[in-house]
Amino acid sequence: MPRDADRIELSVDELREIAGYAADCARRVLPVFERQVPADPRPREAVDAARAFAGGGRRTNLLRRRAWAAYKAAGEAGPLAAADAARAASHAAAAAFLHPLASAHQVKHVLGAAAHAARAEEREAAGGPGAAESLARARRHAPAAVVAVLGRLPGAPAGGGRVGELVRELDAALRV
């Protein structure tokens, strides 16, 4: 059980801003998934559910199920760029369930959609500037709540492969 000292302040309004930001990041790469798996609506449904929560909707079990469904779609997608796009959608819907804990792991929940979107664009660009441009855009469009909540959390954790690197890069840029 977390101690009070391990908790951070986290308002519903901040959760909504974070979910909206995550949905915007994921929405950019939905076409990457949909070109490869056009009959699978799960990532789009997850992004739409995140956007609905960000717009004032309730944090429901359906929202959580949409996040898990997009995660499952990522595992079933063949091309790696499509899988990262679906993971971005999953993170967007899951952002509504960020825990108010002072844990480096929570940074991945705040920035996971942006990092997976950047990875999807990087894979699509085949060595081009995809991730750098995507992270720069994510940094420019991060709302105040993202920066404020990151300021209450420790830095992003080590590990996580290339997506982990992208999380740490974006985290560092937003803390400047």
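The values are calculated or read from the model by the stated rules, or taken from the named source; none is laboratory data. Keep in mind the model is a prediction, meaning the values are calculated, not measured. Cβ: placed from backbone, ideal geometry, glycine included. Neighbour counts: every protein chain shown. We work out accessible area using only protein heavy atoms, side chains counted, and drop any ligands, DNA or RNA first. Shrake-Rupley method; radii C 1.70, N 1.55, O 1.52, S 1.80 Å.
Would you check which residues across the range 1-17 are of a type in the set (Val, Ile, Thr) and exposed (fewer than 14 other Cβ atoms within 10 Å of the Cβ) and list them? Before the answer, list the steps.
Here is the first cut: in the range 1-17, the residues of a type in the set (Val, Ile, Thr) are 8, 12.
The one that is of a type in the set (Val, Ile, Thr) and exposed (fewer than 14 other Cβ atoms within 10 Å of the Cβ): 12.
Within the range 72-97, track down each residue that is modelled with pLDDT of 95 or more and more than 15 Å from residue 29 (Cα to Cα).
Across the range 72-97, the qualifying residues are 72, 75, 76, 94, 95, 96, 97.
What are the residues in the range 60-101 that are hydroxyl-bearing (Ser, Thr, Tyr) and in contact with an Asp or Glu (Cβ under 8 Å, 6 or more places away or on another chain), if any? Before you say what the answer is, go through the steps one by one.
Filtering the range 60-101 for residues hydroxyl-bearing (Ser, Thr, Tyr) gives 60, 71, 90.
Those that are hydroxyl-bearing (Ser, Thr, Tyr) and in contact with an Asp or Glu (Cβ under 8 Å, 6 or more places away or on another chain): none in the range 60-101.
When the residues of the range 109-142 are narrowed to those that are closer than 16 Å to residue 14 by Cα and open to solvent by 30 Å² or more (accessible area, probe 1.4 Å), which ends up nearest to the chain's Cα centre (by Cα)?
109
Across the range 148-172, what is the number of residues that are of a type in the set (A, V, I, L, M), assigned to a helix (DSSP H, G or I) and exposed (fewer than 14 other Cβ atoms within 10 Å of the Cβ)? Break it down into steps so the answer makes sense when it comes.
Within the range 148-172, the subset of a type in the set (A, V, I, L, M) is 148-150, 153, 156, 158, 163, 166-167, 170, 172.
Still in the running and assigned to a helix (DSSP H, G or I): 148-150, 163, 166-167, 170, 172.
Adding the requirement that they be exposed (fewer than 14 other Cβ atoms within 10 Å of the Cβ) leaves 172.
The number of residues fulfilling the criteria is 1.
Quick check on the range 18-26. Is at least one of its residues surrounded by fewer than 24 Cβ atoms within 10 Å (Cβ to Cβ) and under 19 Å from residue 109 (Cβ atoms)? Working first, answer last.
Start the filter on the range 18-26 by keeping residues that are surrounded by fewer than 24 Cβ atoms within 10 Å (Cβ to Cβ), which leaves 20, 24.
If we keep only those that are under 19 Å from residue 109 (Cβ atoms) too, we end up with 20, 24.
Yes, the range 18-26 contains a residue that is surrounded by fewer than 24 Cβ atoms within 10 Å (Cβ to Cβ) and under 19 Å from residue 109 (Cβ atoms).
When you scan the range 27-54, how many residues do you find that are in contact with a Gly (Cβ under 9 Å, 6 or more places away or on another chain) and open to solvent by 70 Å² or more (accessible area, probe 1.4 Å)?
Just the residues of the range 27-54 that are in contact with a Gly (Cβ under 9 Å, 6 or more places away or on another chain), to begin with: 36-37, 49-51, 53-54.
Adding the requirement that they be open to solvent by 70 Å² or more (accessible area, probe 1.4 Å) leaves 36, 51.
Adding up the residues that qualify gives 2.
Residue 65 fails exactly one of the following numbered conditions: (1) under 18 Å from residue 106 (Cα atoms); (2) open to solvent by 80 Å² or more (accessible area, probe 1.4 Å). What is the number of that condition?
(1)
Collect the residues in the range 110-145 that are at pLDDT below 95 and not in a helix (DSSP H, G or I), keeping them in residue-number order.
Those that are at pLDDT below 95 and not in a helix (DSSP H, G or I): 126, 127, 128, 129.
Show the residue pairs that are 6+ apart or on different chains and have beta-carbon atoms under 7 Å apart, the first residue being within the range 153-176 and without any contact (Cβ under 8 Å) to a residue 24 or more places away in the chain and closer than 13 Å to residue 106 by Cα, the second being part of a loop (DSSP other than H, G, I, E, B) and of a type in the set (A, V, I, L, M).
168/156
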